[in-house]
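S.K.: This structure is in structure tokens; I'll ask about it shortly.
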Amino acid sequence: MAEIEIAREPYGSPLSRPLTDAQAEELRERYDGWEGAGAEPEPEAFGDPNGYFLVARLDGELVGCAGICRCEGAQTAELRRMYVAPEARRLGVARALMNELEDKARRCGYATLRLETGPEQPEAIRLYEASGFAVIPNFGPYSTQRRSICMEKALL
């Protein structure tokens, strides 16, 4: 069985940047060059006390990342930049990242976790639904985006 290690890492660091760049490139490919509605987050959004960014290693190899940051009020966090390298998918990496971030969001006092995904990411939608997320009306920068699917999960 592969060993998954999760560790905090600053967003935009030399370790996390290759993963977020790979995520951005994959999304451009899936959406025919469309850049999406979510602007590049500021690294500070993932810092204390309101945010958290993680990287995942599988058998020592860096393979995934995800973070949370404050979203529309003190009680809601947004899951951002969830990515697992193709060779590490379906091995529990995304679920391990989500579990850790949900726990951190609860410790930060968030009652709700939101996210944005899209129709060209069916495997992500399945993961989120299996993790208890439900589709909601598009919020914030995604409110007018027809290619966005927004989801939410109560944490309490």
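S.K.: For segment 1-78, what are the per-bin percents of Cα-Cα distances with bins 10 Å wide, up to the bin holding the maximum?
M.R.: Taking all Cα pairs of segment 1-78, the binned fractions are 17, 43, 33, 7, 0 percent.
S.K.: Right, next: Mean-square fluctuation check for the chain, GNM, Cα pairs under 10 Å: which of Ala24, Ala88, Ala130 is largest?
M.R.: Of Ala24, Ala88, Ala130, the most mobile in the Gaussian network model is Ala130.
S.K.: OK, next. Counting pairs of alpha carbon atoms under 8 Å apart in space and at least six apart in sequence, what relative contact order in percent does segment 87-156 give?
M.R.: Value for segment 87-156: 37 percent.
S.K.: Please identify, among Ile68, Ile125, Ile136, the residue showing maximal mean-square fluctuation in a Gaussian network model of the chain using a 10 angstrom Cα cutoff.
M.R.: So, out of Ile68, Ile125, Ile136, the one fluctuating most is Ile136.
S.K.: Evaluated at 20 °C with a viscosity of 1.002 mPa s, what Stokes-Einstein diffusion coefficient in µm²/s does segment 74-114 have when Rh comes from the Kirkwood expression over alpha-carbon pairs?
M.R.: The diffusion coefficient I find is 193 µm²/s.
S.K.: Around Leu155, which amide H atoms from residues at least 5 apart in sequence, or from another chain, sit under 5 Å from its own amide H, with H modelled in the peptide plane?
M.R.: Close amide H contacts, sequence-distant or interchain: Thr112, Leu113.
S.K.: Have a look at Leu101, Leu113, Leu127 and tell me which one the Gaussian network model of the chain (Cα, springs below 10 Å) gives the largest fluctuation.
M.R.: For the chain, modelled as a Gaussian network with Cα springs under 10 Å, the answer is Leu127.
S.K.: Same structure again: Using a 1.4 Å probe, how large is the accessible area of Val55, given in Å² and rounded to the nearest 10?
M.R.: Counting only protein heavy atoms, the figure is 0 Å².
S.K.: Compute for segment 18-150: radius of gyration divided by Kirkwood radius, i.e. Rg/Rh, restricted to C-alpha atoms, rounded to two decimals.
M.R.: With Rg and the Kirkwood Rh in hand, the quotient comes to 0.93.
The values are calculated or read from the model by the stated rules, or taken from the named source; none is laboratory data. Computed from a predicted structure; not experimentally measured. Calculation scope for accessible area: heavy atoms of the full protein, side chains included, ligands and nucleic acids excluded. Shrake-Rupley method; radii C 1.70, N 1.55, O 1.52, S 1.80 Å.
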